[in-house]
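Okay, so here's the structure we're looking at.
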Amino acid sequence: QVQLQESGPGLVKPSETLSLTCSVSGGSISSYYWSWIRQPAGKGLEWIGRIYSTETTNYNPSLKSRVTMSVDTSKNQFSLNLSSVTAADTAVYYCARESSTVTSRSFDYWGQGTLVTVSS
Amino acid sequence: DIQMTQSPSSLSASVGDSVTITCRASQSISNYLNWYQQKPGKAPKLLIYAASSLQSGVPSRFSGSGSGTDFTLTISSLQPEDFATYYCQQSYTTPRTFGQGTKVEIK
């Protein structure tokens, strides 16, 4: 059974960089796209971006200038850096696996989520 | 970006009722449409992928249909554990986008 676990600081100061890591267990990180998705309290889901095991990335244009993702296949982990954060970046951050076939693509495994608060 | 619009935003229903949630895409997305269920404090859970395929382990009372721009999620006989928020999501292109959610509440 694939499991994902987010880790990182729960509190980040304004203008600093939010850094999170997602550890994948029960399966290989290779040959999948891995996404970060966030959800402000009481609101909907926003896709931040994704990274493939070969380090190919796609970012949401709304966040592209501030987002960097990386992958460490030796540790079965991938990471998110979001720079110049403001209070608007306060949210629960999820990592998720995107499973793809010829006819479908969906987020089939999710981490439990980690709350990141931006505050001084 | 492809905009996903769900309706209604919320609904009240009783155990045993059949409920239908609709999702409309701002452009054709073929059948690249997924449905997720989210309960408070939990991560979303995949219910339906490719518009109508039931994810393994999901009860058969959940079904999906549609293609192009218009899609529906139907819960045929609502159970107590089905009270949650439901999201549609397009996987036709990046950025991936979600509907705003439909909250299913107990009447």
Residues A:105, A:38, sorted so that the one with the fewest Cβ neighbours within 10 Å comes first:
A:105, A:38
So how compact is chain A: Cα radius of gyration and Dmax in angstrom?
13.7, 47
How high is the relative contact order of chain B, given as a whole-number percent (alpha carbon pairs under 8 Å, six or more residues apart)?
39 percent
With θ set to phi - 60° and the Karplus curve 6.51 cos²θ - 1.76 cosθ + 1.60, what are the ³J(HN,Hα) couplings of segment A:4-19 in order, to the nearest whole Hz, using x for Gly and Pro?
10, 9, 7, 8, x, x, x, 9, 10, 7, x, 6, 8, 9, 7, 10
Once you keep just the Cα pairs under 8 angstrom separated by 6 or more residues, what percentage relative contact order results for chain A?
35 percent
How high is the relative contact order of segment B:1-47, in percent, with contacts defined as C-alpha pairs under 8 Å that are six or more residues apart?
32 percent
How big is the C-alpha Rg of the protein assembly as shown next to the rule-of-thumb value 2.2 N^0.38 Å, as a ratio?
1.00
Of the convex hull drawn through the C-alpha atoms of chain B, the volume per residue in Å³ is 88 Å³
Find how many whole Å separate the alpha carbon centroid of segment B:10-46 from the alpha carbon centroid of segment A:61-90.
28 Å
Which of the residue pairs B:45/B:103; A:13/A:43; A:64/B:42 have a Cα-Cα distance greater than 20 Å in the structure shown?
A:13/A:43; A:64/B:42
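Each value in this text was obtained by applying a stated rule to the coordinates, not by laboratory testing. This structure is a prediction, so every number in the text was calculated from the model and none was measured. Using ideal geometry, Cβ is built from the backbone for each residue, glycine included, and neighbour counts are taken over all protein chains shown.
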